[in-house]
1. As an exercise: evaluate residue 90 against (1) more than 20 Å from residue 157 (Cα to Cα); (2) at pLDDT 65 or above and give the number of the one condition it does not meet.
2. Any idea which residue in the stretch 68-77 is farthest from the chain's Cα centre (by Cα), counting only those that are hydrophobic (A, V, I, L, M, F, W, C) and part of a loop (DSSP other than H, G, I, E, B)?
3. Checking residue 103 against (1) open to solvent by 40 Å² or more (accessible area, probe 1.4 Å); (2) acidic (Asp, Glu); (3) in a strand (DSSP E or B), which test does it fail?
4. Which of the residues belonging to the stretch 108-124 are out of contact with any Lys or Arg (no Cβ under 6 Å at 6 or more places or on another chain) and on the phi > 0 side of the Ramachandran plot?
5. Go through (1) modelled with pLDDT of 95 or more; (2) among the hydrophobic types (A, V, I, L, M, F, W, C); (3) under 24 Å from residue 38 (Cβ atoms) one by one and return the number of the condition residue 142 breaks.
6. I'm trying to understand the selection: among the residues of the stretch 20-67, which are in contact (Cβ under 8 Å) with a residue 40 or more places away in the chain, open to solvent by 60 Å² or more (accessible area, probe 1.4 Å) and either within 11 Å of residue 186 (Cβ to Cβ) or part of a loop (DSSP other than H, G, I, E, B) (or both)?
7. Looking at the stretch 68-86 only, could you name the residues that are open to solvent by less than 50 Å² (accessible area, probe 1.4 Å) and in contact (Cβ under 8 Å) with a residue 40 or more places away in the chain?
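The values are calculated or read from the model by the stated rules, or taken from the named source; none is laboratory data. Since this is a predicted model, take the numbers as computed values, not measurements. When we count neighbours, we look across all protein chains shown, and the Cβ atoms used for this are built from the backbone with ideal geometry, even at glycine. Accessible surface areas use protein heavy atoms only, side chains included; no ligands, DNA or RNA. Shrake-Rupley method; radii C 1.70, N 1.55, O 1.52, S 1.80 Å.
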Amino acid sequence: MADVRLSMIENSLQEDEEDSEITFIEQFVQDVVDFSSQYGSDISISYTAYNIAGKPSKFPDYGDFPQAFVMRTYGNWWNEAPSRRQDFMLQNYGKIISHDFIDVTFDEPVYPFRVSVYETYNPGSVVRIWAATTSAPIRWRLLWEGEARLVGHKPHIFSPPINAIDFPTRMLRLEFDHSRLDYYTEIDALLLVGTRRPTPIPSPGGELDPKDKEAGDLTRKIMDLNIHSVPPHVDLENTLNQFLAGDYRQLLRELEDTAAMLIGAVETITKVNSGSFSCLPVSTLSTHIYYKS
């Protein structure tokens with residue numbers, strides 16, 4: 001009986017190890033679906049929205065590049081002009097106002113783990129990141145929201161902590177607020193990192209969402225190692241491989257030790273339940289069986 005229990009525990013540990021494999025998929029923009037404005041014309045390839053597609057072509061260089069995506073507005077002068085049109089978009093009634101947006105798609109639907117915006121000129125205008133469902137009717141879920149920032153005149157990868165969602169996505173929307181910029185912002189590329197299976201992502205405060213409180217040991221370990229929200233320059237794949245090759249194996253050994261202790265406890269309980277004869281020496285039991293026969 002003890003061998004059967006041990007085999008069941010070993011099989012369970014083996015299944016847990018197989019299920020623990022995490023594949024992170026990195027994707028740059030495949031196509032541009034919609035946008036509110038672009039500095040370049042429709043018959044040009046300079047400063048157009050489609051320049052956000054593909055891998056970065058200029059980053060980490062900083063400057064005004066025609067190969068980047070550039071929108072038509074910056075600063076607040078146009079907002080203070082008497083000829084300004086009144087906006088009727090619902091999101092503009094909130095505290096954080098957006099002036100522009102772009103909708104982009106990726107090749108494979110994933111559960112978002114990280115979104116990185118490669119900014120090569122006047123960074124800091126991204127105020128919202130949304131994810132869309134893959135089937136109709138399209139629903140949008142907010143991944144991140146925050147006010148525009150003054151980053152300085154330097155190349156920048158904007159990669160904020162994002163909210164977990166319960167569906168895979170292949171379409172993102174970025175919203176921009178240009179009011180704090182002294183000149184046009186330029187976007188070189190957009191990277192989406194995700195998984196084929198959902199991975200609980202802690203909130204910015206470091207706590208899991210209440211519905212994810214029952215997360216397993218692997219997720220807890222990822223949180224302890226602080227790799228659930230990492231800056232873009234960290235080698236995520238090697239970091240996770242090191243964890244799976246080292247710390248996770250140690251975790252499995254600790255679980256095996258716990259399993260051995262449980263099996264020992266079960267054997268002790270079995271002996272106690274077999275009656276007082278189990279406490280007698282083997283020689284006494286043999287003598288008893290001889291006289292009885």
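1. Only one criterion in (1) more than 20 Å from residue 157 (Cα to Cα); (2) at pLDDT 65 or above is unmet by residue 90, namely (2).
2. If we take residues in the stretch 68-77 being hydrophobic (A, V, I, L, M, F, W, C) and part of a loop (DSSP other than H, G, I, E, B), then 71 is farthest from the chain's Cα centre (by Cα).
3. With respect to (1) open to solvent by 40 Å² or more (accessible area, probe 1.4 Å); (2) acidic (Asp, Glu); (3) in a strand (DSSP E or B), residue 103 is out only on (1).
4. Listed by number, the list holds a single entry, 122.
5. Among (1) modelled with pLDDT of 95 or more; (2) among the hydrophobic types (A, V, I, L, M, F, W, C); (3) under 24 Å from residue 38 (Cβ atoms), the lone unmet condition for residue 142 is (3).
6. The answer is 21, 23, 30, 39, 55, 57, 60, 61, 62, 64, 67.
7. Those that are open to solvent by less than 50 Å² (accessible area, probe 1.4 Å) and in contact (Cβ under 8 Å) with a residue 40 or more places away in the chain: 68, 69, 70, 71, 73, 75.
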